[in-house]
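Asker: The structure's right below; bear with me while I get my questions together.
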Amino acid sequence: MIVYDDRKVYIPSLNIPWQGGIMTITGSKKKQIAVLTGGGDAPGLNAVIRGITVKAISLGYDVIGLKQGWAGLLENGESNPLDLDQVASIHVTGGTILGTSRTNPYKVDNGVEQVKANLKRLKCDALIAIGGEDTLGVANKLFKEGVNIVGVPKTIDNDLSGTDYTFGFDTAVNIAAKAIRDLHTTAESHRRIMVVEIMGRHAGWITIHASIAGGAHITLLPEDKFDVKEITKVIKQRQAKGKHHTIIAASEGAIPKEGDMVLQAGEKDAFGHVRLGGLGERLAKELEKECGQEARYVVLGHLQRSGAPSAFDVVLGTRLGVKATELVDQGKFGRMAALKGTEIVDVDLNKAVGTLKIVPKEFIAEEKIFWGIDD
Ligand code: F6P
């Protein structure tokens with residue numbers, strides 16, 4: 001007996017593709033939704049996984065968690081079923097219970113065929129890919145090749161188009177803002193310049209938010225090339241007013257007016273990104289010389305995406321997970337769950353991965369009037 005809802009039904013013998021809706025053939029397994037997390041981890045990932053699992057089970061689906069992002073699907077398709085017990089309380093924890101990787105199946109010989117074969121072998125009727133520009137870029141290509149995929153936007157960098165905010169960003173901003181705020185005491189005590197290097201390769205969202213919230217005196221972003229002379233001038237003006245410490249919030253991807261980004265290593269990952277790092281150290285040395293004042297630097301690094309998610313990220317992740325599952329149920333593949341204002345909506349995956357969302361000029365100008373001022 002075939003049981004189906006009143007919208008769509010899959011009839012295997014006629015090879016009609018499933019377009020959403022639940023179908024149960026008595027005695028056979030239910031439809032199965034697979035979930036994977038890819039790219040750098042972001043606080044809130046587990047909230048999305050829980051949101052998907054709870055919603056999918058309430059709709060009558062089985063859920064399977066795929067391990068280590070695209071890398072897992074390229075290898076043996078390591079996975080495990082997800083049920084309510086397994087996702088209990090995970091939403092308030094950091095990292096991802098599924099593991100993650102920065103692997104690009106399109107850069108591996110026969111990679112795409114391998115991914116498709118493993119999805120078929122694991123009987124995945126639909127896949128929810130949770131990731132940033134890279135992971136969702138792969139998802140978008142796979143969708144165009146006929147895989148039933150829905151995306152969920154994730155990155156602490158908040159640089160993904162199509163959504164107002166990505167989860168993980170709020171947690172990262174809180175961590176960076178607290179670090180800046182705390183660094184005031186030691187910088188002030190020692191009368192030092194303190195450069196705080198903050199994550200963000202191409203977009204300075206975390207830096208500009210943390211700088212405002214944590215009270216930095218100068219903000220350097222990838223979107224706006226910096227001038228060492230201008231920074232020196234602000235520090236010297238502070239010195240003249242008897243302000244003997246200066247905190248500089250600098251994105252790891254900030255670029256000096258003359259020269260290139262400071263690279264940590266020449267090698268690139270599977271998505272063509274170079275590893276950044278070293279800006280804080282170089283700038284601190286340069287400013288010490290130019291300003292005649294001791295300077296130190298702090299690299300916040302992976303601490304910014306470690307630990308428990310903020311309440312905002314738990315709620316956003318949960319709502320995105322629920323929405324992505326609804327999209328699967330409605331057969332709306334090639335879409336991405338997204339935040340628009342206070343609403344969770346769906347947008348075209350293709351558009352979301354097309355261009356990076358960077359900090360607009362107007363916001364940069366708004367922030368700049370606070371340079372050099374004590375909060
Ligand atoms: O993509 C998020 C991010 O945290 C970036 O801000 C940072 O440049 C990068 O990941 C670090 O990547 P990895 O974890 O591979 O060192």
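The values are calculated or read from the model by the stated rules, or taken from the named source; none is laboratory data. The structure displayed is predicted, hence computed values, not measured ones. Note that we place each Cβ from the backbone using ideal geometry, even for glycine, and neighbour counts take in every protein chain shown. Quick note on the areas: whole protein, heavy atoms, side chains included, nothing else; ligands and nucleic acids left out. Shrake-Rupley method; radii C 1.70, N 1.55, O 1.52, S 1.80 Å.
Asker: Residue under question is ASP134, and the condition is that it be within 13 Å of the ligand (Cβ to nearest atom) and assigned to a helix (DSSP H, G or I); does it hold?
Answerer: Considered against the rule, which asks whether it is within 13 Å of the ligand (Cβ to nearest atom) and assigned to a helix (DSSP H, G or I), ASP134 comes out as yes.
Asker: Continuing with the same structure: Among the residues of region 36-71, which ones are under 20 Å from MET336 (Cβ atoms) and polar (S, T, N, Q)?
Answerer: THR37, ASN46, THR53, listed by residue number.
Asker: Right, something else. Just to be sure I understand, how many residues within region 147-168 are among the aliphatic types (A, V, I, L, M) and either open to solvent by 20 Å² or more (accessible area, probe 1.4 Å) or not assigned by TED's automatic domain parsing to the domain that holds LEU349 (or both)?
Answerer: Result for region 147-168: 1.
Asker: Oh, and also: Out of curiosity, is ARG296 open to solvent by 60 Å² or more (accessible area, probe 1.4 Å), away from the ligand (no atom under 16 Å from the Cβ), in contact (Cβ under 8 Å) with a residue 24 or more places away in the chain and over 19 Å from ALA216 (Cβ atoms)?
Answerer: The answer is no for ARG296.
Asker: Continuing with this model, one more query. Any residue in region 172-183 that's in a helix (DSSP H, G or I): show its pairings with residues that are of a type in the set (Lys, Arg) and within 16 Å of the ligand (Cβ to nearest atom) at Cβ separation under 9 Å, as long as the two are six or more apart or on different chains.
Answerer: ALA172/ARG305; ILE175/ARG305
Asker: Which residue pairs have Cβ atoms under 8 Å apart, sit 6 or more places apart or on different chains, and have a first residue in region 60-89 that is more than 22 Å from LYS30 (Cα to Cα) and a second that is of a type in the set (Lys, Arg)?
Answerer: Between residues of region 60-89 that are more than 22 Å from LYS30 (Cα to Cα) and residues that are of a type in the set (Lys, Arg), the close pairs are GLY69/ARG102.
Asker: Follow-up question, since we're still on this one. Does LYS236 satisfy the condition of being open to solvent by 10 Å² or more (accessible area, probe 1.4 Å) and either at pLDDT 90 or above or of a type in the set (Phe, Trp, Tyr) (or both)?
Answerer: Considered against the rule, which asks whether it is open to solvent by 10 Å² or more (accessible area, probe 1.4 Å) and either at pLDDT 90 or above or of a type in the set (Phe, Trp, Tyr) (or both), LYS236 comes out as yes.
Asker: Quickly run through region 135-183 and pick out the residues that are basic (Lys, Arg) and under 24 Å from LEU303 (Cα atoms).
Answerer: LYS154, LYS178, ARG181
Asker: Give the residue that is nearest to the ligand (Cβ to nearest atom), with candidates limited to residues of region 244-281 that are at pLDDT 75 or above, over 22 Å from the mean Cα position of the chain (by Cα) and open to solvent by 50 Å² or more (accessible area, probe 1.4 Å).
Answerer: Per the criteria, the residue is GLU281.
Asker: Just for helices (runs of 4 or more DSSP H) wholly inside region 33-94: which have at least 3 residues that are within 16 Å of the ligand (Cβ to nearest atom) and either open to solvent by less than 60 Å² (accessible area, probe 1.4 Å) or outside the structural domain of LEU127 (by TED's automatic domain parsing) (or both)? Don't jump to the end; show me each part of the working.
Answerer: Values: elements: 45-59, 69-74, 84-87.
By residue number, 69-74.
Asker: When the residues of region 156-191 are narrowed to those that are at negative phi and polar (S, T, N, Q), which ends up nearest to the ligand (Cβ to nearest atom)?
Answerer: THR166
Asker: Also, quick follow-up: If I ask for residues that are in contact with a helix residue (DSSP H, G or I) (Cβ under 9 Å, 6 or more places away or on another chain) and either part of a loop (DSSP other than H, G, I, E, B) or not assigned by TED's automatic domain parsing to the domain that holds ALA254 (or both), which ones from region 192-206 would you list?
Answerer: Answer for region 192-206, where residues must be in contact with a helix residue (DSSP H, G or I) (Cβ under 9 Å, 6 or more places away or on another chain) and either part of a loop (DSSP other than H, G, I, E, B) or not assigned by TED's automatic domain parsing to the domain that holds ALA254 (or both): ARG192, MET199, GLY200, GLY204.
Asker: Hey, another quick one. Listed residues GLY372, GLY331, GLY354; which is more than 16 Å from the ligand (Cβ to nearest atom), part of a loop (DSSP other than H, G, I, E, B) and surrounded by fewer than 15 Cβ atoms within 10 Å (Cβ to Cβ)? Even if it seems obvious, please write down each step before you answer.
Answerer: On the way: GLY372 fails: surrounded by fewer than 15 Cβ atoms within 10 Å (Cβ to Cβ); GLY331 fails: surrounded by fewer than 15 Cβ atoms within 10 Å (Cβ to Cβ).
Going through GLY372, GLY331, GLY354 in turn, the sole match is GLY354.
Asker: Could you tell me which numbered condition LYS229 fails, if it satisfies all but one of (1) buried (at least 24 other Cβ atoms within 10 Å of the Cβ); (2) within 18 Å of GLU294 (Cα to Cα)?
Answerer: (1)
Asker: May I ask you to list the residues in region 299-316 that are within 16 Å of the ligand (Cβ to nearest atom), part of a helix (DSSP H, G or I) and not polar (S, T, N, Q)?
Answerer: Hits for region 299-316 are GLY301, HIS302, LEU303, ARG305, ASP313.
Asker: Please determine whether any residue of region 224-243 is within 16 Å of the ligand (Cβ to nearest atom) and farther than 13 Å from TRP371 by Cβ.
Answerer: no
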